[in-house]
Each structure stands twice: as structure tokens, then as C-alpha cells.
Amino acid sequence: MKKSGYILLFILVLAIVGPIFSPHDYQSTNFDAILVSPSFSGMHLFGTDNLGRDLFVRTMLGIRITLLVAIVASLVSLIIGVTYGAVAGYIGGRVDAVMMRFVDTLYALPFIFLVILLMVAFERNFLLIFIAIGAINWLDMARIVRGQTISLREREFVDAARLSGVSSARIIFRHIAPNLLGIVTVYVTLTIPQAILVESFLSFLGLGVQEPQTSLGSLVDSGVNQMEGASWMLLIPAALLALILMCFNFLGDALRDFFDARQAP
């Protein structure tokens, strides 16, 4: 867990601070330095792309945008999923049945198709990527929270609050939601890699982040087109993307083991 956290922190700090010390801009082109391999000559640490742009600075920008999209989309998913699942689990009965049938209906629809449909319908808006991914990615969160809420609503402290005349909304958000912190924290760390993959896939298809901005998915897409003559354009962003995904998955597994150990008798 610590190693994954340290690696993620290092990558984040490098993505924020690294471009400051680079003499190159992420969108400045240099046609005299097209497809230069990685070297300290000219301070092109990751080489250049087919337009002569510095790949190090663009990769750092791609990491920023990829992580930003993933984290914000996960927060959107968190807010919708926790609220929806807690309400369904606490109220129960027909309300719960109707709400969960709606979730089942959304499960039956192609996930990526819905995201692409939203992106096409509302144009390729950068902010919409956050909402599009988060608004579809909340279904698993809602189911998990619902199951935990069903077990929590029968606990003594919930009965005490109910008998004291506390409203249902206050019970859900002041008494039940705080007790969902462990499971929600674990699932968010596992949701972020999923959001990263969706964003990367959309960018790979050309439906995500648009030029001159970039993301790791966009960089991988550009690298595929130059794979034979400039392999570094593919290998570097792809390796960083894989490293970030592995770190988040290891972090999520470690957090799950930690909270399971705390709950063990």
C-alpha cells in the first residue's frame, strides 16, 4: 500500500512540477526536431512527436488531465451512488424494488455506448467527460451501498434515532452514511482505474480530450500511428498508464484488507 501510494504521489508531483523546469511548451511545435528519440540533448527527455512537440511536457499534461477526469468522475459516481443506494436501502419495500429495477435496466444497456452517446449528443465538451463517465459509473456503487444500508438500518443506533423523531433524510446522511466510509473508500480507489480506462478508451477513439490538450489515452493513440518509426511515443505513455492503473488497484486491495482486518473480531 505504501509503495503504491508513494509511486502515485511521485507521479502526481512530477506531472505538476516537471513541466515548470522544462524549456518547452506542451503545444509549441519545432519542425527541426520531429521524432527525436529520448535524450538529454535539447532537453527532450521523452523525445518528440511527429509535430516536434516535447513528449515529456505533453505526457505530464496527459497525466494531469487523465487523473483529473478519473477523480472528478469518481466523485460524481460517489455522490450519485451513495445517495441513491442509501435511500433505496433505508426506505426498502416498493420504493427499493422500483429504484433497483431502474439500476438493473441501466445495467442491461451497453456501458461504453451510453458514454459515447452522451459525448456525441452534447458535443466533445471537456467538462462533460467528467459527468458522462461519473453518471454511468455509479451503478455498482449504488448496489454496494444499498446492501450495506439494509444491514445498518436494523442497528440499535438507527432505531434510537428513529424513536427520537429524527427524519429519514437526517438518519441516512448523519447516521448511516458515515458508517459506509470504509467500503466506499475502498470502492472509490477501485473506481478510479475504471474511470481512467474509460477516459483513455474515449480519447483513443477521438471522443475524449481534444487538441491541443491531451491525455494518456490520446498519447497512446498518437503513439500507435508512429509505432514503427518512433516506438517511444507509444511505450512511454502506455507504461505510465499501466503503472498508474496497477498502483490504484494495489492501493484498493490494501485498503480492503485493512478495513476487513479492523472489522474482524
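Tabulated data
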| read-out | value |
| --- | --- |
| Cβ-Cβ FRET estimate between Leu163 and Ala108, R0 fixed at 45 Å, reported to 0.05 | 0.65 |
| Mean residue ellipticity (222 nm) of the chain, computed from DSSP H runs ≥ 4 via -39,500 (n - 2.57), nearest 500 | -23000 deg cm²/dmol |
| For the stretch 166-264: relative contact order, % (alpha-carbon pairs under 8 angstrom, 6 or more apart) | 28 |
| ³J(HN,Hα) computed for each position of the stretch 217-234 - Karplus, 6.51 cos²θ - 1.76 cosθ + 1.60, integer Hz, glycine/proline x | x, 5, 5, 5, 4, 5, x, 4, 5, 10, 4, 6, x, 9, 4, 5, 5, 9 |
| Cα gyration tensor category, rounded, prolate or oblate, for the chain with a/c compared to 1.5 | prolate |
| ³J(HN,Hα) computed for each position of the stretch 244-251 - Karplus, 6.51 cos²θ - 1.76 cosθ + 1.60, integer Hz, glycine/proline x | 5, 4, 5, 5, 5, 5, 5, 5 |
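Read-outs throughout are calculated quantities, based only on the coordinates presented, and are distinct from any laboratory measurement. As the structure is a computational prediction, the values presented were derived from the model and not from experiment. Reconstructed Cβ throughout: ideal geometry from the backbone, glycine too, with neighbour counts over all protein chains shown.
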